[in-house]
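For reference, the structure is listed below as structure tokens.
Read the figures in this text as sums done on the coordinates, not as results from a lab. Just so it is clear, the model here is predicted, and its values are computed rather than measured. Reconstructed Cβ throughout: ideal geometry from the backbone, glycine too, with neighbour counts over all protein chains shown.
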């Protein structure tokens, strides 16, 4: 079973000025596509030849895991963003859970931003839910994915340099500031409602 690069949920220039068309062309069109291609090279003849991407993320090791998780992570990341995003959730179960588990949306934003900014090297910051619906923030290095700990991803920020270097050079904090302006809270809430249903 060959994996395919999923279509972006918006045009390549839709996230400007926060993420440029050029960044999307490289990040999605080169990096994400390369992970898909490499995964397809690695899985023939392995026990993951006909496995789902989620199974690969949860069970594989080495190159199959690294490339499979990066395919999953990037596909999830693109869906966490929207040209119509950025407005914080002000009502509903997700908003209530954020206030319950972080004290306020402002406190959550500070903690998530800090996790994204302080992750050493390359990786991802995640908002996750456990089986009971409790929210937390986790850092994952490289291709790390919280599915391996039995947690459900709700939101992620890619802090590999290729996510921001064209636009922001080495200023990860500037990228994180702009990230909040395009978060697709409708998608995040849908992930949460699916988790607790």
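Structure data summary
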quantity: Value of relative contact order over the range 93-196, rounded to a whole percent, pairs C-alpha under 8 Å and six or more apart; calculated: 26 percent
quantity: Over the chain: Rg over Rh, Cα atoms, Kirkwood Rh; calculated: 0.95
quantity: Length gained when the stretch residue 186-residue 7 is fully extended (0.36 nm per residue, less Cα-Cα span); calculated: 62.5 nm
quantity: Cα centroid separation, the range 47-84 to the range 118-197 (Å); calculated: 14 Å
quantity: Extended-chain gain in nm, criterion 0.36 nm per residue less alpha-carbon gap, residue 95 and residue 111; calculated: 4.2 nm
quantity: The chain: relative contact order as a whole-number percent, Cα under 8 Å and 6+ apart; calculated: 24 percent
quantity: Fewest-first ranking of 72, 185, using other Cβ atoms within 10 Å as the exposure measure; calculated: 185, 72
quantity: Expected 222 nm ellipticity per residue - DSSP helices of 4 or more, -39500 (n - 2.57), all of the chain, to 500; calculated: -13000 deg cm²/dmol
